[in-house]
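The values are calculated or read from the model by the stated rules, or taken from the named source; none is laboratory data. Since the structure is predicted, the reported quantities are computational estimates derived from the model, not experimental observations. Cβ placement follows ideal geometry from the backbone for every residue including glycine, while neighbour counts extend to all protein chains displayed. Please note that ligands, DNA and RNA were not included when accessible areas were found on the heavy atoms of the full protein model with its side chains. Shrake-Rupley method; radii C 1.70, N 1.55, O 1.52, S 1.80 Å.
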Amino acid sequence: MKLKHIFSASAIILTSAMVFTACTDDIKVGDSFVEKAPGGTVTIDTVFNSAEYTRQFLTGIYGMQYYGLPFTGQSAAPVSQNNYQGKLDALTDCYQIHWNGTAIFNSYYSNTLSANSDALIAFTNDKVWTAVRQAYLLLDNIDRVPGMPDTEKKSIIAQTKCLIASRYFDLFSVYGGLPIVDKSYTGTEGDYSNLKRSSIDTTVEYMVKLLDEAIPDLRWAWDGNTTDTDAYNNTGRWTAAGARALKAKILLFAASPLFNADQPYFGNTTEAEKDSLVWYGDFKQSRWERAEQACREFFAANGENDPSSLTLGTAGTFYQLNQATEKSADGYRQAYRMGYIYQGSKEVIHSTRVSTIYGSQGTYAWWNWVGIGRNSYCPTTEYVEMFPWSSGEPFKWEAGKDAHDAPKYALVNSSNQVLDADGQLFYSPVKKSGRRTLAKYAIRDPRLYENAIVNGQQITLDWTTGKSSGDIYELWTGGNDAAQNIARTTGEIVEQLTTRFPTGFGTIKYYLGEEYHRKFMHWVYLSYDEMLLMWAEALAQTNKLSEALNCVNRVRARVGMDPMEKFTPELSSDKAKLIEEILRERACELGMSNNRYYDMIRYKRSDWMTKELHGLKITRLQSVMGEYVENFNPYLGADKDNGVAEPDHFKYEKFTLQNRRRVLWDMDPNSNEVKKWFLFPLPITELNKGYGLVQNPGWE
């Protein structure tokens, strides 16, 4: 029996060019690598008879890591990378995609996905099993490589084990228990019964064991203290910090209600449930305690032993939050932005990148496709509402004043009457001598402006100082940018397809300026802020609420917001409410990182899956003879040319997203038809091979 996707029987081990890179090394794989080999054939003996070829082989495995942004439409690319598939984020309540060329639009929103199609992280077509096979070939042959120091061999072995564990987690997070491959198969063994699907417990312990074995032989970080630890040459390689962070993430996922529960999510009626392939078979509080301990060990190794302090993560530690040099909205935004995007950032614990350059010069690049509306992944009103006011006070749709005594927003009631015509949602103008000027200040959580383009946001950013300036995004109907992205037809508001702002908001995370064009764009796989929020969650789940609050408040303080309990005192004693707030903070801090999707499924939040999502239609208001009237014209043009002040009067109408309406919104969140979506279907082609795969509940 040939199991094509679990292993390859071929002895030729490098036959196609890799799409990804893991670090800044000059990668010699594919055809360019073959040219170096005698006779043009790359065999095991060819590779492992050369230290240099072996290093390049390792880099090729790095090239098969998960990359979290749709980047290309090429058929040879991993499914998760393909623009025509889509990102996990667009399945959550945070984003809605408006391009009918994606699988998300056609198969997921319509509830027609089946086991005959690749899921967004594909079991067979995401290079997982190729990476695992090549990793074991490397482990099996590293000892015979001549001219390579033993210390380097140990490091390569440790890095390879991290690569296997990370690829396993990529599948585990969306499928559950997996077949355990622990050697390089040749295709001639005859008996493959040991490749049957393993339980959740076995899969978790396999990943954790690999990481525990790797940690002692890895550097904590590429700190640049010596030539061989230069971050430039090693950025993207696995470290002990990365291994500890991934271990914590795996254990946190495993301890979550999806797997760690008194009852399975589907009703204990399927083979996968009865064999503990999609849950542990019971609930144990010790699983949360183990996850918390793994988080604690990461921070201890980073020089931080006490989660009760808000000042940790500064002097004496390597990984830390990037801090603002100026206490202003621009300063906080810059600190947040450079924390995730700068390749020398001490917030980035592990990252992956593509070999094709970022921007308009790249093939099917994120920048290009956002600009034409295909990769818009538009934030929803529900997502925007998650972001607090700039003080940290929770956002609410009700009348109120901000710290400058300016109304916070204008909202219309069910009769379309403006409740507060002078209000603001995102910025408030500064009043001087009773007259409005063009000066304004941001009134929301600074992270909002880094996760969504909002009305009035300035387009130009100075990437050195972080200052924003120049013209604004005009997202009102008729505005220069939104135009008719949102239209009213026969009395109903309907958003348009393949436009940049169909929800009233636009994509900005990873949508960078010219400064990042023609550079290798990394995607953050693990980060320090995520670690803080994972620790907060594990602390809360183990009833250490005050310590959990401190971890969250460290993340909030970086963008100038006050502690959560200042506004919601019951968080200090209400475990369930605190966990809910931690999940909200994770959405605000970790946009475009898959974490909202992971939170949705691991907490079995079918209510998130079925809640109706909304956009925001914005109407510009202009004073005429003492009354506010609607103005559907852009500001850029005659108004600006004639010295008219920047608009600061708007009304806002929430509308249900209709194009395309998700089928799950009209379904019972407690039904199995909804709950089957907690895990993706395994492909029929693999099930039919008979080596022991069992389908996930609801997809039979």
Placing each pseudo-label 7 Å from Cα in the direction of the beta carbon, residue 106 and residue 391 end up separated by a distance in nanometres of 5.1 nm
Debye, to nearest 20: dipole size of the range 615-658, +1 on Lys, Arg Cβ, -1 on Asp, Glu Cβ: 220 debye
7 Å from Cα along Cα→Cβ at both residue 439 and residue 201: what's the point-to-point distance in nm? 6.6 nm
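Report the extension gain between residue 644 and residue 284 in nm, rounded to one decimal, defined as 0.36 nm multiplied by the number of residues separating them, less their alpha carbon distance.
The residue 644-residue 284 span can extend by a further 123.2 nm.
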For residue 453, residues with placed amide H under 5 Å, excluding near neighbours: 506, 507, 508
Rolling a 1.4 angstrom probe over the protein heavy atoms, how many square angstrom per residue are accessible across the range 88-222? 31 Å²
Would you kindly state how much longer the chain becomes between residue 498 and residue 144 on full extension, computed as 0.36 nm times their sequence separation minus their alpha carbon distance, in nm to one decimal? 122.0 nm
Is any residue of the range 652-670 close enough, with backbone N under 20 Å, to a label point placed 7 angstrom from the Cα of residue 487 along the Cα-Cβ axis, and if so, which? 653-661
At a Förster radius of 41 Å, what calculated FRET efficiency corresponds to the Cβ-Cβ distance of residue 194 and residue 49, to the nearest 0.05? 0.85
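For an R0 of 35 angstrom, estimate the FRET efficiency from the Cβ-Cβ distance between residue 338 and residue 654 and round to the nearest 0.05.
0.55
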Cα-Cα over 18 Å, subset of 161/183; 209/247; 247/676; 440/467; 611/675; 127/675: 247/676; 127/675
Could you pull out every residue, at least 5 positions away or on a different chain, whose amide H is within less than 5 Å of the one on residue 650? Hs are placed 1.01 Å off N in the peptide plane, and Pro or chain starts have none. 423, 621
Considering only protein heavy atoms and a 1.4 Å probe, what is the carbon-and-sulfur percentage of the accessible area of the range 600-700? 48 percent
Share of the range 34-152's accessible area from carbon and sulfur, percent, 1.4 Å? 44 percent
Residue 462-residue 74 FRET efficiency (beta carbon distance; Förster radius 30 Å; 0.05 resolution): 0.30
Using the heavy atoms of the protein chains and a 1.4 angstrom probe, tell me the accessible area per residue for the range 599-700 in square angstrom. 42 Å²
Please give, to one decimal in nm, the separation of the simple spin-label points placed at residue 212 and residue 233, each 7 Å out from Cα toward the Cβ. 3.4 nm
Taking a probe of 1.4 Å and leaving out DNA, RNA and ligands, the range 442-577 shows per residue an accessible area in Å² of 32 Å²
Between residue 570 and residue 624, 0.36 nm times their residue separation minus their Cα-Cα distance comes to what? 14.8 nm
For the range 458-538, what value does the Rg/Rh ratio take when both radii are computed over Cα atoms and Rh is the Kirkwood radius, given to two decimals? 1.11
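Considering only protein heavy atoms and a probe of 1.4 Å, how much of the accessible area of the range 241-304 is carbon and sulfur, as a whole percent?
Numbers: 890 of 2090 Å².
Whole-percent figure for carbon plus sulfur exposure: 43.
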Packing-ranked peptide list from 263-272, 474-483, highest mean Cβ count within 10 angstrom first, is 474-483, 263-272
Would you please name the chymotrypsin sites (Phe, Trp or Tyr not before Pro) within the range 603-635 that are DSSP coil residues with at most 10 other C-beta atoms within 10 Å of their C-beta? none
